[in-house]
Amino acid sequence: MENQILGLNAGAWLFPLAFFIASLAWVHYKKNLTHYFGKIPTLSRETALKIIQVFLLLFIFSIALDQIASFFNLDDTQAVQSTISQLFQAPLVAVIFLMAFGALAEELFFRGIIFKELGKWPSILLFGFAHMGYGSIIEVTGALGAGIILFYARERNKSIFPGFVAHALYNLTAIFLIGI
């Protein structure tokens, strides 16, 4: 039996954990948390609306990409769907935690560290390439589009946090819609 953490394959935790640790180590080394991640916004109606806007942009982009892929008969997402079906065998709390933790780790690393150190396009491209593990062009294209949306959310809000919440909500929504 494979190594399990909270009912999920240990490999599912590897990249998010690496991104998370690398981000925290870099910020500790540079000693400038808000430079990389921005300020944590107050919980307000305005912040909630910003999160909803980013979530809706991610969701609309995903639907549009799915429609384009279907039109051109380019569905290469079998590995993604297989991984999602495996998630449904784990406890719900573990899946929710992994999706939220993964989104946080990716936002810290790509929209925090990589963006501030290397710039806009390297952060977007590296985010897309980080999703190549499934061998799906659609998954990488989706990640590139999401990377652009999340980059602009980071710039507009001067913080990674609204994008992080929208990213986590999008991940959860997507896996539950795909898994149904």
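The values are calculated or read from the model by the stated rules, or taken from the named source; none is laboratory data. The structure presented is a predicted model; accordingly, all values stated were derived computationally and were not measured. Neighbour counts are summed over all protein chains in view; Cβ atoms, including those assigned to glycine, are modelled from backbone coordinates with ideal geometry. The area values use the complete protein model at the heavy-atom level, side chains included, leaving out ligands, DNA and RNA. Shrake-Rupley method; radii C 1.70, N 1.55, O 1.52, S 1.80 Å.
Contact order normalised by length for region 1-156, with contacts defined as Cα pairs under 8 Å and 6 or more residues apart; what percent is it?
Relative contact order comes out at 34 percent.
Using +1 on the beta carbon of Lys and Arg, -1 on that of Asp and Glu, and nothing else charged, what's the dipole of the chain about the Cα centre, debye to 20?
For the chain, the charge dipole is close to 900 debye.
With everything on Cα atoms, drop me the angle between helix 161-179 and the longest principal axis of the chain, reported from 0 to 90° to the nearest 10.
For 161-179 against the chain, the angle is about 0 degrees.
May I ask for the Rg/Rh ratio of region 101-141, computed from Cα atoms with Rh as the Kirkwood radius, given to two decimals?
Reported Rg/Rh, Kirkwood definition of Rh: 1.00.
Excluding ligands, DNA and RNA, what is the solvent-accessible area per residue of the chain at a probe of 1.4 Å, expressed in Å²?
Computed with neighbouring chains in place, this is 58 Å² per residue.
Mind grabbing the accessible area of Ser85 for me, 1.4 Å probe, Å², rounded to tens?
The accessible area comes out at roughly 60 Å².
Whenever you get a sec, line up Glu46, Glu155 from highest to lowest accessible area (probe 1.4 Å, protein heavy atoms).
In descending accessible area the options line up as Glu46, Glu155.
Among Glu106, Glu117, Glu139, which one shows the biggest mean-square fluctuation in a GNM of the chain, springs joining Cα atoms closer than 10 Å?
For the chain, modelled as a Gaussian network with Cα springs under 10 Å, the answer is Glu117.
Got the relative contact order for region 102-180 handy, in percent, Cα pairs under 8 Å and 6 or more residues apart?
Relative CO of region 102-180 lands at 33 percent.
For region 33-180, take the convex hull of the Cα atoms, compute a quarter of its surface area, and give me that in nm², please.
If you wrap the Cα atoms of region 33-180 in a convex hull and average its projections, you get 8.8 nm².
Using a Gaussian network model of the chain whose springs link C-alpha atoms within less than 10 Å, name the residue from Leu108, Leu24, Leu49 with the highest mean-square fluctuation.
Fluctuation is largest for Leu49.
Number of Lys-Lys pairs in the chain under 17 Å by Cα, sequence gap 8 or more or different chains?
10
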